[in-house]
Structures are given as structure tokens and as C-alpha cells.
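The values are calculated or read from the model by the stated rules, or taken from the named source; none is laboratory data. Computed from a predicted structure; not experimentally measured. Note that we place each Cβ from the backbone using ideal geometry, even for glycine, and neighbour counts take in every protein chain shown.
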Amino acid sequence: MIGSLRGRLLDRDLDAELLIEVAGVGYRVRTTPAAASALGPIGAEVFLHVHHAVRAEDETLYGFAAIAERRLFETLTRTQGVGPALALAIMSVHDLAALRDAVAADDVAALCLVPGIGKKTAVRLLVELKSKLDLPGADGPPGADGATGGAGPGPDVRADLRSALEGLGYGAEEIRAVLAGLPALSDRGELLRAALRRLAGEDQIEG
């Protein structure tokens with residue numbers, strides 16, 4: 001597997017696809033517009049950290065200036081419903097620091113700036129990424145604060161979940177069905193994750 005490339009930049013197109021020559025071999029690499037423009041002029045020597053994606057029908061290289069950016073890309077593509085195209089779209093709108101800030105602040109509007117992401121998918125991404133980006137103190141879901149005691153979801157927790165799901169546009173029957181099947185958890189974050197997983201078929205993320 002290819003983990004990095006150092007060579008000469010031969011071409012860069014408007015879609016942020018690069019052609020990098022290494023020891024006489026040209027490698028096509030996809031990246032973000034910001035990363036592509038930061039590489040310098042055609043003919044310059046460049047270095048990129050690379051994620052080498054292998055699928056049944058093709059192989060694709062994705063390049064990043066910093067290893068933290070490559071790890072973010074890999075984290076995004078391990079998130080439900082997020083493929084490489086959507087991961088690059090997210091990183092094209094938000095750099096690592098901005099995405100961490102958005103996730104820590106439960107900023108749904110920030111994720112909705114990414115083409116193809118609506119409110120429901122933005123909330124689901126925030127819930128998923130809170131545990132993946134290792135954010136201190138970021139255990140609660142959008143619209144909920146902390147956990148409650150008890151063996152299962154009590155009336156207050158169910159009311160919070162119902163309100164959050166109504167705000168996302170889910171209907172009364174959908175909410176009633178998903179609440180009835182929730183596991184015996186007392187943590188609001190875990191319960192919302194479980195509810196959104198059950199409703200995931202209603203709103204797929206493309207990418």
C-alpha cells in the first residue's frame with residue numbers, strides 16, 4: 001500500500017486532481033482544493049501523505065499535506081454513510097480545527113454548509129464524530145446535556161428525545177415506533193445514537 005509520495009508536480013486540474021511523477025512513474029492523486037493550491041507551481045517538488053483506497057473496480061490515491069489530515073479523512077470514511085467523495089467535500093469546507101470546533105459546539109449549520117449534507121445527516125454526523133474525534137467533554141448529542149440516572153430512559157429523557165427528533169423533521173409515528181424499541185439506556189447520547197441508527201434508512205448520506 002502507498003503511504004506517501006515525494007516527486008515532481010506535473011499537473012493540477014480544476015477538480016483538485018494531481019499528477020505527481022515519482023522515479024519516472026506518474027501517480028494521479030485526489031485532494032482538496034486548498035491542499036492542491038498550496039503545493040506550489042507546476043514542476044515543483046512536492047510531498048503528500050497518501051491514503052491508498054482499493055476497491056474491486058479501481059484503486060484511488062488521496063493526498064494530504066499533513067498526516068493529521070489523512071487521519072481525519074480515514075476517520076470520516078469509517079463513519080456510516082460517508083464515502084471518500086463526501087469526506088473530501090467535508091474537508092474542502094472545514095479544515096481539521098474548524099471541524100473539531102463544529103463537532104464540539106454541536107454546530108449543525110456548519111456541517112450543512114457542505115454540499116449534499118442536510119440537517120438530519122448533519123446531526124447524525126455530529127453524533128458519530130463526537131466519539132471518533134476524541135473531543136474532551138463532548139459526550140452529549142446535539143440538543144441534549146449529559147446523562148440521567150436509572151435503569152432505562154425515563155419520562156424526561158424520552159421527552160428530550162421526542163423533542164430532538166421532532167426538530168429533525170421525523171413524524172409522530174416514526175418517533176413513537178423508535179422510542180418503543182429503544183434499549184434500556186440512561187445516557188441521552190447513547191439513546192439518540194440508537195434512535196438515529198434505527199432511523200438511518202430514512203436519510204442516507206451520499207459520497
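Data for the structure
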{"item": "Any pair with Cβ under 9 angstrom, 6 or more apart, that starts in segment 85-103 at a residue that is outside any helix (DSSP H, G or I) and ends at one that is of a type in the set (Gly, Ala, Ser) and surrounded by fewer than 20 Cβ atoms within 10 Å (Cβ to Cβ)", "result": "94/110; 95/34"}
{"item": "Lone unmet requirement of (1) more than 30 Å from residue 52 (Cα to Cα); (2) modelled with pLDDT under 70; (3) part of a loop (DSSP other than H, G, I, E, B) for residue 157", "result": "(3)"}
{"item": "Selection within segment 17-50 - surrounded by 12 or more Cβ atoms within 10 Å (Cβ to Cβ) and without any contact (Cβ under 8 Å) to a residue 24 or more places away in the chain", "result": "17, 19, 21, 22, 26"}
{"item": "Matching residues, segment 104-128, being crowded, with 17+ Cβ neighbours inside 10 Å and assigned to a loop (DSSP other than H, G, I, E, B)", "result": "106, 107, 114, 117"}
{"item": "Identity of the residue in segment 53-84, more than 18 Å from the chain's Cα centre (by Cα) and either under 15 Å from residue 6 (Cβ atoms) or in a helix (DSSP H, G or I) (or both), that ends up modelled with the lowest pLDDT", "result": "65"}
{"item": "Any hit, segment 130-137, residues being modelled with pLDDT of 85 or more, assigned by TED's automatic domain parsing to the domain that holds residue 85 and not in a loop (DSSP other than H, G, I, E, B)", "result": "no"}
{"item": "Meets criteria (buried (at least 19 other Cβ atoms within 10 Å of the Cβ) and either β-branched (Val, Ile, Thr) or over 21 Å from residue 13 (Cβ atoms) (or both)) for residue 76", "result": "yes"}
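Every residue, every condition in (1) at pLDDT 95 or above; (2) outside the structural domain of residue 115 (by TED's automatic domain parsing), yes or no:
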residue: 14; (1), (2): no, yes
residue: 28; (1), (2): yes, yes
residue: 41; (1), (2): no, yes
residue: 98; (1), (2): no, no
